[in-house]
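Trainee: Please read through the structure below; I'll follow up with questions.
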Amino acid sequence: MGTRSIVARAWQALCPAACGGAPLRVLELGAGDGTLLLAVARQIAPAWPAVELTLLDRQRIVSPATLAAFAELGWQVTVDVADVLDWAARPPDTAPGAAASSWDLIVTTLFLHHFEGAELDTLLMAIAARSQRFFACEPRRGWLALTGSHLIGAIGANAVTREDAVFSVHAGFRQRELTALWPAPAAAWQSREYTAGLFGHCFSTRRAQAHAWAQ
Ligand SMILES: C[S@@+](CC[C@H](N)C(=O)[O-])C[C@H]1O[C@@H](n2cnc3c(N)ncnc32)[C@H](O)[C@@H]1O
């Protein structure tokens, strides 16, 4: 199973269906060029025609064509060019009427493993304070993924990609490591940590009393 299907399934499990009313507010941290979430959007947009999506990354690499493709699906996209640790240091949304946890869903893919120690703690704390639901899909740390990362040269990957792949697996997660790091009382969040596909490791969580996104 590829990352697109893994994310689409997790999204549908966390937010089963739109039923009119307010759009779902989603933030992707470390979104890259936005094409992974565009592929997810193409899969789930029939059930989710109204989404307000923010793509945050420290690089400005979302193309006009990608933004146009989201717009065709009816998704309203904002690009936020920022370092995620600066985002974590911003005060939570204090707009009148905004809930303290203002994102219905925060998503990360192949992103959390860039951080460790105090930075990872800070990032998870900011996510927990600002979201109703959170999903992360990361590299799985283990022998199978490590073997795969060493073999990608055989399919033509260059030296930089090969080195990145090996680094990513070493920095990845396994078992219940993200659950242990999640900075919120277990009773207040319903969490699941699981393997996905050959190389993926996922963490999915929602507030026990998550706000409805639609009336
Ligand atoms: C491996 S890419 C993943 C992109 C996308 N999520 C995907 O799965 O296709 C990691 C992304 O994280 C971004 N990134 C790394 N460190 C960051 C930081 N401190 N703040 C914001 N973005 C960061 C990089 O610019 C890059 O686009």
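Trainee: Can you tell me the order of 56-66, 170-180 when each peptide is scored by its average per-residue count of other Cβ atoms within 10 angstrom, highest first?
Mentor: Packing proxy ranking, top to bottom: 170-180, 56-66.
Trainee: Can I ask one more? Going by C-beta contacts inside 10 Å, put V84, V7, V79 in order with the fewest on the left.
Mentor: Numbers: V84 23, V7 26, V79 17.
In increasing order of surrounding Cβ atoms, one gets V79, V84, V7.
Trainee: A follow-up question, please. Note down the net charge around T66, summing +1 for each Lys or Arg and -1 for each Asp or Glu among other residues with Cβ under 15 Å from its Cβ.
Mentor: On the way: positive: R4, R42, R60; negative: E28, D33, D57, E72, D80.
Value of the local net charge: -2.
Trainee: Once label points are set 7 Å from the Cα along Cα→Cβ at both A68 and L120, what is their separation, rounded to one decimal in nm?
Mentor: Label at A68, label at L120, 4.1 nm between them.
Trainee: Suppose each label sits 7 Å from its Cα in the direction of the beta carbon; what would the R60-T147 distance come out to in nanometres?
Mentor: Label-label distance for R60 and T147, simple model: 4.6 nm.
Trainee: Within region 55-74, find all residues whose amide N lies under 14 Å from a label point positioned 7 Å from the Cα of A39 along Cα-to-beta-carbon.
Mentor: It comes to no residues whatsoever.
Trainee: For W103, W87, W11, what's the fewest-to-most ordering of other Cβ within 10 Å of each Cβ?
Mentor: W87, W103, W11
Trainee: Work out the FRET efficiency for S191 and D80 from their Cβ-Cβ distance, taking R0 = 41 Å, and round it to the nearest 0.05.
Mentor: On the way: r = 26 Å, r/R0 = 0.64.
Calculated transfer efficiency: 0.95.
No lab work stands behind these numbers, since they all come straight from the coordinates. Here the structure is a predicted model, which is why all the values come from computation and not from measurement. When we count neighbours, we look across all protein chains shown, and the Cβ atoms used for this are built from the backbone with ideal geometry, even at glycine.
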